[in-house]
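The numbers here are math on the coordinates, done by the rules we state, and not lab data. Treat the numbers as computed from the prediction; the structure is a model and nothing was measured. Cβ sites come from the backbone with ideal geometry, for glycine too, and all protein chains shown count toward neighbours.
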């Protein structure tokens, strides 16, 4: 484990105090523990201090130690042991933690680190010139199936390519980190296999209870069965009449990522099909929806996420109309 030391004195504030809301929260949190066991609240209090100020300062460590009647060194041990605590100033808009454990390294973590060095700072745990961004390499963050991945504050961003990470960093730098949906950045549901389901689909009959039968000679499978299965899984043709009409790329395409369920990868696939505007999506018919579902291999997502209604609102009145229809801003 690497050595973790507090930031230099020249960046340490002289004092620390929880704000009014956090002071009330801290008092209630300490009460949750039995008399004489209040020191068990040290981790949640340190986390709340970090969330308030962005990092854990020496003054915060000493203040929390006094609140819990602990020696300063005991709280310092906790703060320096757990890498979830930032003991030096980090980016105010994003601190990117790149997983460098074996699964992520095998799937491209070094390329993600190269992006951080290029777009933020050559060295980890240093902010960019404006102080808005920083990064570091950390150990396993528990999303090995979706490697490579990063954590920004409390959210994970998985199945990343260097281009996707650059986009995410740019959104946070612009103060629009909320535009990026956490989790897998490819067509994957959580940690399920990538792509369309291959088992327990509507075409797969449920198994029936076995019944005792007399031994019989095996029956050869029907010759057309493999072909039928392959046909069911095949992508629809680009020449299919149900394919939505494509348009020439406009000078300023709509930001299709404003539609919940469309990420950077999905937007690129839609562009490849000549889909650039909200108005195009808003006019899709049921047959066109079925074609896109089949071609992009995520059957049901368009209806489930209500792309048509979202696109219609954005086409008619942009973000203002979206808020009026859905009661929230587009992601």
* To do: Mind sorting out which of [x] 0.98; [y] 1.09; [z] 1.03 is the real Rg/Rh (Cα atoms, Kirkwood Rh) computed from the coordinates?
  => [y]
* To do: Using only Cα atoms, tell me the angle between helix 109-119 and the longest principal axis of the chain; keep it within 0 to 90° and round to the nearest 10.
  => 60 degrees
* When you have a sec, figure out the Kirkwood radius of segment 9-81 from all distinct Cα pair distances and drop it here in Å to one decimal? => 12.3 Å
* Rg/Rg_ref, segment 94-184, where Rg_ref = 2.2 N^0.38 Å and atoms are Cα -> 0.96
* Say each of residue 92 and residue 235 gets a label point 7 Å from the Cα, pointing the same way as Cα to Cβ; how far apart are those two points in nm? -> 4.5 nm
* Given 0.36 nm per residue, what is the gain on full extension from residue 105 to residue 25 after removing their alpha carbon distance, in nm? -> 24.8 nm
* Asked: Okay, helix-only estimate at 222 nm for the chain: each DSSP H run of n ≥ 4 adds -39500 (n - 2.57), divide by all residues, round to 500 deg cm²/dmol; what do you get?
  -> -12000 deg cm²/dmol
* **Estimated FRET transfer efficiency when R0 is 25 angstrom, pair residue 6-residue 153 (beta carbons, to 0.05)** => 0.75
* What's the angle, to the nearest 10 degrees (0 to 90), between helix 58-68's Cα axis and the longest principal axis of the chain? -> 80 degrees
* Structure fact -> Relative to the chain, whose Cα atoms define the longest principal axis, helix 224-233 and its Cα axis are tilted in degrees, nearest 10, by 50 degrees
* Asked: Measuring from label point to label point, each 7 Å out along Cα→Cβ, what is the residue 82 to residue 290 span in nm?
  -> 5.3 nm
* Cut-off 17 Å (backbone N to label point 7 Å along Cα→Cβ of residue 128), residues of segment 151-189 -> 151-153, 162-180
* Structure fact -> Note on the chain: contact order normalised by length, alpha-carbon pairs under 8 Å, 6 or more apart, percent, works out to 11 percent
* What are the extents of the Cα atoms of segment 259-331 along their three principal axes, listed from largest to smallest and rounded to whole Å? -> 32, 22, 17
